[in-house]
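Notes for the one structure printed next.
The values are calculated or read from the model by the stated rules, or taken from the named source; none is laboratory data. Note that the coordinates shown come from a computational prediction; the quantities given were computed from them, not determined experimentally. The accessibility values were calculated without ligands, DNA or RNA, using every heavy atom of the protein model including side chains. Shrake-Rupley method; radii C 1.70, N 1.55, O 1.52, S 1.80 Å.
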Amino acid sequence: MSARRAILVVTPNLVGLTKAQALAALAGVGLGASPSEVFALGKPLGRVFDQSPNAGVSVPGGTTISFQVAKAPFATVLVPNLHGKVPAAALAG
């Protein structure tokens, strides 16, 4: 029996892509995907901001590439001005 050599694939750059675009890019070159959505201040929401292994690395076909997609850290809530109101008036709105 002869040893089979794995076909090497160069990892694409996923940074800046949406999750769907990143999944398509990896599938297109025969790589697996392990995405995770994480809270990331200062990163474009819904975009990949990190991947492992990095872009440009040669890996065997079928290798799973991990990447992180930024999501909002919290929801914005409008808080009414209750200054000067007694508790009963504040609760009434």
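In the chain, what % of DSSP beta bridges are antiparallel (nearest 5)?
Around 50 percent antiparallel, to the nearest 5.
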- Query: Over the Cα atoms of the stretch 20-93, Rg to Rh with Kirkwood Rh, two decimal places?
  - Reply: 1.39
- Task: Can you send over the carbon and sulfur percentage of the accessible area for the stretch 14-71, probe radius 1.4 Å, protein chains only?
- Result: 56
- Query: If the cut-off is a Cα-Cα distance under 26 Å, which lysines reach LYS19, setting aside same-chain residues fewer than 8 apart in sequence?
  - Reply: LYS43, LYS71
